[in-house]
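In what follows, a structure is listed as structure tokens, so that the remarks can point back to it.
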Amino acid sequence: MEIAKTIEEVKHHVLLWKKNGLKIGFVPTMGYLHEGHLSLVREARKRTDRVVVSIFVNPTQFGPNEDYQVYPRDFERDQSLLSKEGVDLIFYPSVEVMYPEGYKTYVEVKDLQDRLCGRSRPGHFRGVCTVVLKLFNIVQPEEAFFGWKDAQQVIILQKMVEDLNLPVKIVPLPLIRDNDGLALSSRNSYLNPEERKAALVLSRSLDLAAELIKSGEKRAEVIKNRMLELIQQEPWARVDYVEIVDLKTLEPLEQVQDNTLIALAVYIGRTRLIDNLRIISGGLEK
Ligand code: AMP
């Protein structure tokens, strides 16, 4: 496994692989890896000839009062996990490599970027799209792997790829959870034991939504209110949003139907967590 810290080093490998007709799979991450990230790596390993993982805590996707400085980092541990998964190349650039002095260009996906998480994190998806487009240009993957954990991110990146005619296929993969249902996240490391228990309220509220839908309830307002009631019973929780939207446009729906996203963001203490469930081809995916 190679580790590249510069764009030139990555391009050197990419050029050789392309010359040999090898298919490149790419998994962008911010590091502090868990089974969610590794599930993407494993799928990339299965589907492509060479697997590149980037580890970069991207400053442009964090707001001024967010956790950029304290975001968990452990490169040595990440490196050892990725080496066990048979990754070919880790791209581990510095901020200066990605955003040299005088950097000026940003990518926006209008409207979609302002909904759900975009409302409480202005500029977040502009940062995500910018860094992902730069990474795509550097790594030149045929396929790029993303988790449904960040559903809005998947939808926005698919739109960016479509609108900008990028020669890459976005492959969205299932949300991986802990045994008790909590969606795996690097940010779970912020939670103390009491908060960790309280954090289950996100996944429980989605279970409630799923039960209601299975019993025939379709009204978004009713489902949303039942979820809010449940979350508000948890003293450590403060709701940022609970939304039921179209899976493509992210526009609010009155009725749950095929291609629906039920997404929520909740503060547990000072930690903001997200979770979601999708209804795709008539099936519930959580
Ligand atoms: P991050 O390091 O948080 O930027 O995440 C990197 C990639 O891993 C993104 O595509 C995430 O959606 C994905 N990911 C993070 N957590 C999970 C999870 N629990 N299950 C599946 N994918 C995940």
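The values are calculated or read from the model by the stated rules, or taken from the named source; none is laboratory data. Everything numeric here is computed off the predicted structure, so don't read it as measured data. Because the Cβ atoms are built from the backbone with ideal geometry, glycine has one as well, and the counts that use them run over all protein chains shown. Please note that ligands, DNA and RNA were not included when accessible areas were found on the heavy atoms of the full protein model with its side chains. Shrake-Rupley method; radii C 1.70, N 1.55, O 1.52, S 1.80 Å.
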Quiz item: What do you reckon, is PRO100 surrounded by fewer than 18 Cβ atoms within 10 Å (Cβ to Cβ) and either more than 11 Å from the ligand (Cβ to nearest atom) or part of a helix (DSSP H, G or I) (or both)?
Solution: yes
Quiz item: Tally time: how many residues in the range 146-175 are in contact (Cβ under 8 Å) with a residue 40 or more places away in the chain, buried (at least 18 other Cβ atoms within 10 Å of the Cβ) and near the ligand (Cβ under 7 Å from one of its atoms)?
Solution: 7
Quiz item: When both residues are 6+ apart or on different chains and their Cβ atoms are under 6 Å apart, which pairs have a first residue that lies in the range 57-79 and is part of a loop (DSSP other than H, G, I, E, B), and a second that is open to solvent by 20 Å² or more (accessible area, probe 1.4 Å) and of a type in the set (D, E, K, R)?
Solution: GLY63/ARG121
Quiz item: For the range 37-72, which residues satisfy the criterion of being under 16 Å from the mean Cα position of the chain (by Cα), among the β-branched types (Val, Ile, Thr) and more than 9 Å from the ligand (Cβ to nearest atom)?
Solution: VAL41, VAL53, THR60
Quiz item: Considering only residues of the range 167-203 that are of a type in the set (Gly, Ala, Ser) and more than 16 Å from the chain's Cα centre (by Cα), which is nearest to HIS37 (Cα to Cα)?
Solution: SER189
Practice problem: Residues being within 16 Å of the chain's Cα centre (by Cα), more than 15 Å from the ligand (Cβ to nearest atom) and part of a loop (DSSP other than H, G, I, E, B): count how many of those fall in the range 110-145. | Solution: 2
Quiz prompt | Residue satisfying all of: in the range 1-37; in a loop (DSSP other than H, G, I, E, B) and more than 21 Å from ASN58 (Cα to Cα); least open to solvent (accessible area, probe 1.4 Å) among these | solution = LEU22
Self-check item: Criterion violated by SER186 - all others in (1) open to solvent by 20 Å² or more (accessible area, probe 1.4 Å); (2) within 16 Å of the ligand (Cβ to nearest atom); (3) of a type in the set (S, T, N, Q) satisfied
Solution: (1)
Practice problem: Restricting attention to helices (runs of 4 or more DSSP H) lying wholly within the range 189-286, give those where 2 or more residues are open to solvent by 10 Å² or more (accessible area, probe 1.4 Å) and closer than 28 Å to ASP74 by Cα. | Solution: 193-198
Quiz item: Residue check: is LYS218 away from the ligand (no atom under 16 Å from the Cβ) and either touching a strand residue (DSSP E or B) at 6+ places or on another chain (Cβ under 6 Å) or of a type in the set (Gly, Ala, Ser) (or both)?
Solution: yes
